[in-house]
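The values are calculated or read from the model by the stated rules, or taken from the named source; none is laboratory data. Computed from a predicted model, the values in this text were never measured in an experiment. Cβ: placed from backbone, ideal geometry, glycine included. Neighbour counts: every protein chain shown. Calculation scope for accessible area: heavy atoms of the full protein, side chains included, ligands and nucleic acids excluded. Shrake-Rupley method; radii C 1.70, N 1.55, O 1.52, S 1.80 Å.
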Number of protein chains: 2
Amino acid sequence: MTTDLARLSINQETVKQWSLEELATGCTASGISHVGLWRAPVQEYGVERAAKLMRESGLSVTSLCRGGFLTATDPKLRTAALDDNRKAIDEAATLGTDTLVLVSGGLPSGERDLTAARERIADALAVLAPYAAERGVRLAIEPLHPMFASDRCVVSTLGQALDLAERFPASQVGVVVDTYHIWWDDQAPAQIARAGASGRIHSFQVADWITPLPAGVLLGRGQLGDGSIDMRSFREQVDATGFTGPIEVEIFNEDLWARPGAELLAEVAARFTEHVL
Amino acid sequence: MTTDLARLSINQETVKQWSLEELATGCTASGISHVGLWRAPVQEYGVERAAKLMRESGLSVTSLCRGGFLTATDPKLRTAALDDNRKAIDEAATLGTDTLVLVSGGLPSGERDLTAARERIADALAVLAPYAAERGVRLAIEPLHPMFASDRCVVSTLGQALDLAERFPASQVGVVVDTYHIWWDDQAPAQIARAGASGRIHSFQVADWITPLPAGVLLGRGQLGDGSIDMRSFREQVDATGFTGPIEVEIFNEDLWARPGAELLAEVAARFTEHVL
């Protein structure tokens, strides 16, 4: 099978076993020209230094994960969250990516009001979106699977993400379409069309859904083709809106991390061609 | 605090450590007059015998769990599923409950088409609903949390459940409103109103949402008040539709099962009064 890697972006957490330098070398050697990065390993390596490494390797950075966690009620925590998000926006700008992914945050301890938490996200976006726009960075609200609603992200559907994003210009706030989080939702096709029509698909990510879920459920994502998601159908829906950007593969899975990085990357590339394109 | 137990129904899986006889004795001793039963322990005890025990204990059976698993593509498996559901309907009739809860089924191995799977459920309901109606039993489609979409139930939202139920008379097919499965959904309030307006709330169940989820996620439900769900708000929404029936507490949690049944039942009753009523 021939592989077409022009649209493939490798999120660095997919090959977490690799250092940033190994990622750059590995992608270049495989003909992959896009990567998605995470703040912690980039900070550890040095943001300017990471930007230089990507530039010199000919790699474009399709997104930086992650800002967000904007649901705190405590004023000090809210201020700290806004400061940290400004820092994340600065880092995105330094890395040369136009997209900062937001994981919006769960319910603060003892809170049960999802609607109020979602409103606090909107309040924070009103502060952060202009700051980001001045630096050439778009904020991308990622709806997370409803199983993360209490502890990571009260934005559980693409519809909810768009309800928030549409309060702002599309050039400032959009959404992430991630198959893993929305595949179960019969409203997803209509919401993908809605997002595309207003130019708000700022990132498109893919991972497959497999069971049983591990304890804590965070690391339960499946290799492309191993699970229940019709990823080609989602890619076709996203493409049908006019989206032509890179498609980021973002899989968190300890079994995959236990394998040699180069072997895993080759498998991801083959599966991407077979199941997504 | 005084406890008002008139509307409390104890699903037998909540006190799984108890035998059916212990359940009957324990509920009677606590002033609880409703229970929800499960097929396997009832079959083990004997269906007629269980019906007699409930009758003689003055306990009403608010629902039987569960029929369903109606998504198979293999003709032999489909026939077997329909036969088993007819048996479940017969058992419900024998137990004197008017409600059979349906867990509709996940994706068959290798299948990725959720829409087609949901249509197969509708096809099966067309066969089963009249059979149930002749025996005084209503079918109640339970939307399960989207984290169960692949392996247990492709019906993930109350909206989807109603889309299926509304193809049939409300006297034959309705839905289960279970806080655990739908709490994250901003469409839930509108869908509860829709379900109530057409007389389709055939069962109302409560459990709380806690994290971290255990491996396999099935046994991760929380004691009332321990988690993120505003259960009183849901009870008020359901009541606002005119629903006056029993409210079933259905919690699957190994930590709770490790405790003495009577102690757990007393805690459930107190929490029910504090967090639901």
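Interface residues of region B:127-149, defined as a loss of at least 40 Å² in heavy-atom accessible area between the chain alone and the complex of all protein chains with a 1.4 Å probe, are B:PRO146, B:MET147.
One quarter of the surface of the convex hull around the alpha-carbon atoms of the protein assembly as shown equals 25.8 nm², the direction-averaged projected area. In nanometers and ordered shortest first, the copy-to-copy spacing of the B:GLU21 label point, defined 7 Å from Cα toward Cβ, is 7.3. Relative to the other identical copies, A:GLU267 shows label-point distances of 4.2 nm, where the label point lies 7 Å from Cα along the Cβ direction and values run shortest first. I'd like the distance separating the alpha-carbon centroids of region B:78-132 and region B:137-216, in whole Å. When both Cα centres are located, 15 Å separates them. Tally the DSSP beta bridges in the protein assembly as shown and give the antiparallel ones as a percent, rounded to 5. The answer is about 10 percent antiparallel. With label points set 7 Å from Cα along Cα→Cβ, the inter-copy distances at A:PHE252 are 2.4 nm, sorted shortest first.
Counted by Cβ distance under 15 Å from B:LEU53, the other residues give a net charge of -3, where Lys and Arg count +1 and Asp and Glu count -1. Using a 7 Å offset from Cα along Cα-Cβ at A:VAL127, what residues in region A:68-111 end up with backbone N under 13 Å from the label point? Once the point is set 7 Å along Cα→Cβ of A:VAL127, A:68-87 turn out to lie under 13 Å by backbone N, inside region A:68-111. In summary, the aspartates and glutamates within cross-link reach of A:LYS52, defined as a Cα separation below 15 angstrom excluding same-chain residues under 8 places away, comprise A:GLU21, A:GLU22, A:GLU44, A:GLU91.
Summary value for region B:19-162: 22 percent relative contact order, contacts being C-alpha pairs under 8 angstrom separated by 6+ residues. Charge tally for B:PHE204 (other residues, Cβ to Cβ under 10 Å; Lys, Arg +1; Asp, Glu -1): -1. Protein heavy-atom surface of region B:8-275, 1.4 angstrom probe: 51% of the accessible area is carbon and sulfur, with nucleic acids and ligands not counted. With K and R counted +1 and D and E -1, the other residues having a Cβ less than 13 Å from that of B:ASP239 yield a net charge of +2. Comparing A:HIS34, A:LEU70, A:VAL15 along the charge dipole axis of region A:1-120, the residue lying farthest to the positive side is A:LEU70, per the Cβ-charge model. Taking a ≥ b ≥ c as the square roots of the Cα gyration tensor eigenvalues, region B:8-275 comes out rounded, since a/c falls below 1.5. For A:GLU48 and A:SER233, FRET efficiency with R0 = 41 Å and r from the beta-carbon atoms, rounded to 0.05? FRET efficiency, A:SER233 to A:GLU48: 0.50. The mean sequence distance of close C-alpha pairs (under 8 Å, at least 6 residues apart), as a share of the length of region A:146-277, puts its relative contact order at 22 percent. Taken across both chains, chains A and B shield about 2300 Å² of accessible surface from a 1.4 Å probe. Pairs of Cα atoms nearer than 8 Å and 6+ residues apart set the relative contact order; for chain B it is 19 percent. Extension gain for the segment B:ALA266 to B:ASP90, taken as residue separation times 0.36 nm less the Cα-Cα distance, is 60.1 nm to one decimal. How far is it, in nm, from the label point at A:ASP83 to the one at B:ALA40 when both lie 7 Å from their Cα along the line to the Cβ? About 5.3 nm separates the two model spin labels.
Per residue, the accessible area of chain A comes to 36 Å² when a 1.4 Å probe rolls over the protein heavy atoms. Helix content alone sets the calculated 222 nm mean residue ellipticity of chain A: runs of n ≥ 4 DSSP H residues at -39500 (n - 2.57) each, divided across all residues, give -13000 deg cm²/dmol.
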